[in-house]
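*Asks:* Before anything else, here's the structure in question.
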Amino acid sequence: MVDELTPLRGSYREAVGPAERTRATPRPTTEQERLTALCLEPAELLTQLRERTEDEVKAIVMILNHEIEVPNVPPLLIQSMDPSELACFEDIFMALEYPLYAHLAPGQRFFDNMTKGAVLAQIYAGVEAAPAQKCDIENFKKTLSRITLDMDTRVVKITFKGKQSAARWTGWQMPLAGKPLPLIDYESIRERAKVTKELVLLDSYQFEVEVRKGEMTSTDMHWVLTQKLGLKVQSMMHPVTELTGIKAQQW
């Protein structure tokens, strides 16, 4: 009997290991599988629209309720929706997509306006990674719908076809250019924050200010930030170090 090997600290295996155990996808029911298959079937245009079947209505409701996920608008709808109705449904369908976010590690820099393919090329495992871990990365790339990188906010946004797909990867350490970046479900955090009033990191940012000439009080600085710059300040404090104590002209 061989004991399970302990991954090296800082290795890719250690980074993805804890998340691997939480990414189990609930097995779909027979009904979900049947209706998903129905939504994937090709369909031909008709000269006259027809009524939707009971199964088709049920499938649409399950899509809207995040009970089943399909990669695109079901082709069968071209037989029961006119162009205007189909356009509205397509907008609703796109709105069902669910995002996860990751923050770039310090020092990571990329070009602006990178294509999806260019960003995906930066997501890879090292040669020491186990086959299962490399398989995770391939599955991740196949599952996501879109991925964008904003260098101004240093945030990566990964969009999935629905909340179920996204839930599988929440907390996973995405290896972007050799740095494991945890995927965060800020939508759920925002919902929780409506009750807890916690600060959502994605909706705010922090920076340091220093007065190099003259003197300003904290009240003066707060006025400059809120009245002159129009910022909504959540908190501001003087930094403190052992050597200098409170830095009165820094916030």
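*Asks:* Mind jotting down the three principal axis lengths of the chain based on Cα atoms? Whole angstrom, largest first.
*Replies:* That gives 78, 61, 37 Å along the principal axes, largest extent first.
*Asks:* Next question. So, with +1 on the Cβ of K and R and -1 on the Cβ of D and E, and no other charges, what is the size of the charge dipole of the chain about its Cα centre, to the nearest 20 debye? Before the final figure, lay out each step's value.
*Replies:* Working: 30 positive and 35 negative charges, 178 e Å.
With only Lys, Arg, Asp and Glu charged at Cβ, the dipole is about 860 debye.
*Asks:* Please provide three numbers in whole Å: the alpha-carbon extents of the range 145-251 along the principal axes, with the largest listed first.
*Replies:* Over the range 145-251, Cα extents along the principal axes are 54, 34, 25 Å.
*Asks:* Taking the chain as a Gaussian network, where each spring joins two C-alpha atoms under 10 Å apart, which residue of ILE68, ILE189, ILE147 fluctuates the most?
*Replies:* Among ILE68, ILE189, ILE147, the largest GNM mean-square fluctuation belongs to ILE189.
*Asks:* Take the residue pairs LYS157/LYS194; LYS58/LYS116; LYS134/LYS161; LYS157/LYS228 and return only those whose Cα atoms are more than 29 Å apart.
*Replies:* LYS58/LYS116; LYS157/LYS228
*Asks:* At a Förster distance of 35 Å, what's the computed FRET efficiency of ALA95 paired with GLU242, Cβ-Cβ distance as r, to 0.05?
*Replies:* 0.10
*Asks:* Using θ = phi - 60° and the Karplus relation 6.51 cos²θ - 1.76 cosθ + 1.60, list the HN-Hα couplings for the range 71-88 in order, rounded to whole Hz, with x at every Gly or Pro.
*Replies:* After applying 6.51 cos²θ - 1.76 cosθ + 1.60, I find x, 7, 4, x, x, 4, 5, 5, 8, 10, 10, 7, x, 5, 5, 5, 5, 5 Hz.
*Asks:* Moving on to the next point. Over all alpha-carbon pairs in the range 48-88, figure out the percentage whose distance exceeds 10 Å.
*Replies:* 73 percent
*Asks:* Would you pull out the residues with amide H under 5 Å of ALA129's amide H, same chain only if 5 or more places away, H placed 1.01 Å from N?
*Replies:* none
*Asks:* Give me a comma-separated list of calculated 3J(HN,Hα) values for the range 54-59, in order, Karplus coefficients 6.51, -1.76, 1.60 applied at θ = phi - 60°, integers in Hz, x for any Gly or Pro.
*Replies:* Per-residue couplings from phi come out as 4, 5, 5, 4, 4, 5 Hz.
*Asks:* Then there is this: Kirkwood Rh, Cα Rg: Rg to Rh for the range 54-144?
*Replies:* Result for the range 54-144 is an Rg/Rh of 1.11.
*Asks:* How far is helix 186-196 tilted off the main Cα axis of the chain, in degrees rounded to 10, range 0 to 90?
*Replies:* That helix lies at roughly 60 degrees to the long axis.
*Asks:* Need one number: convex hull volume per residue for the range 97-196, Cα atoms only, in Å³.
*Replies:* Enclosed volume per residue, from the Cα hull, is 115 Å³.
*Asks:* Between the range 224-251 and the range 125-174, what is the separation of their alpha carbon centroids in Å?
*Replies:* Here the two parts' Cα centres lie 37 Å apart.
All of the numbers you see were taken from the coordinates with simple rules; none came from a lab. Fair warning: this is a prediction, and the values are worked out from it, not measured in the lab. All Cβ positions, even for glycine, are placed from backbone atoms using ideal geometry, and neighbour counts span all protein chains on display.
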